[in-house]
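Just so it is clear, none of the values below were taken in a lab; they were calculated from the coordinates. These numbers were taken from a predicted model, which means no experiment stands behind them. Counting neighbours? That spans all protein chains shown, and the Cβs are built from the backbone with ideal geometry, glycine included.
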Amino acid sequence: MPGPRPQPTFLKLLHGNPGKKRLNKNEPQPPIPPEPPEPPAFLSGHARDEWYRLAGHLHRLGLLTQLDYSTFAVYCGAVGRWMQAEEALAAMAVRDPETGALTIRSATGCLTVHPLVRIAISSAHEVVRFAAEFGLSPAARSRVSGGIAAQIAPGKFAGLLRDG
């Protein structure tokens, strides 16, 4: 299907519905648990740290529902791979002052890009792509309008007045 992919109604509200198009009032709303979820068992190291660093913030914003756990886990895994590759490259760069471990000699003797550089680059691309899904980049946040918090969390007097 040509054109930009459709956005969920919640994200349209966060962005202030810039196209002023009619919002889908029947869009399914996945449940948001009362507490932020624990990270999946398969996440470890930096990926697990990233989960703990951001899960609470995303949960408070209503952006981490039960249906989003896998996508968020993929984001955290990409962060973990990127950080691990960067740390390994930094450790090797100390022993390779000539190229900083950015290149290696191939079997034919030619210089080629170190495989960890490729892993770091591809993981960084994944991080940026998934970060945009959760509004975790400055560009994504710049499209979010203020005043949304009132729509996410009810006020202390919510429920006192009834409709009809």
Inset, instruction - Please turn the phi angles of region 67-77 into ³J(HN,Hα) values with the Karplus equation 6.51 cos²θ - 1.76 cosθ + 1.60 (θ = phi - 60°), one per residue in order, whole Hz, x for glycine and proline. - result: 7, 9, 4, 5, 4, 5, 5, 5, 4, 5, x
Legend entry - Label-point separation, Ala139 to Arg95 (7 Å along Cα→Cβ), nm: 3.8 nm
Inset, instruction - Restrict the search to region 83-130; then list the GluC sites (Glu not before Pro) that DSSP places in a loop and that have at most 12 other Cβ atoms within 10 Å of their Cβ. - result: Glu98
Legend entry - Other-chain or far-sequence residues with amide H under 5 Å of Thr103's (modelled H): His114
Inset, instruction - Between Tyr52 and Asn17, with labels modelled 7 Å along Cα→Cβ, what's the label distance in nm to one decimal, could you check? - result: 4.1 nm
Legend entry - Extension gain, Leu67 back to Thr112 (0.36 nm per residue minus Cα-Cα distance, nm): 12.1 nm
Legend entry - Sequence ranges 68-80, 106-118, 44-56, ranked by mean other-Cβ count within 10 angstrom, highest first: 68-80, 44-56, 106-118
Legend entry - Neighbourhood net charge (13 Å Cβ-Cβ; Lys/Arg +1, Asp/Glu -1) for Thr103: 0
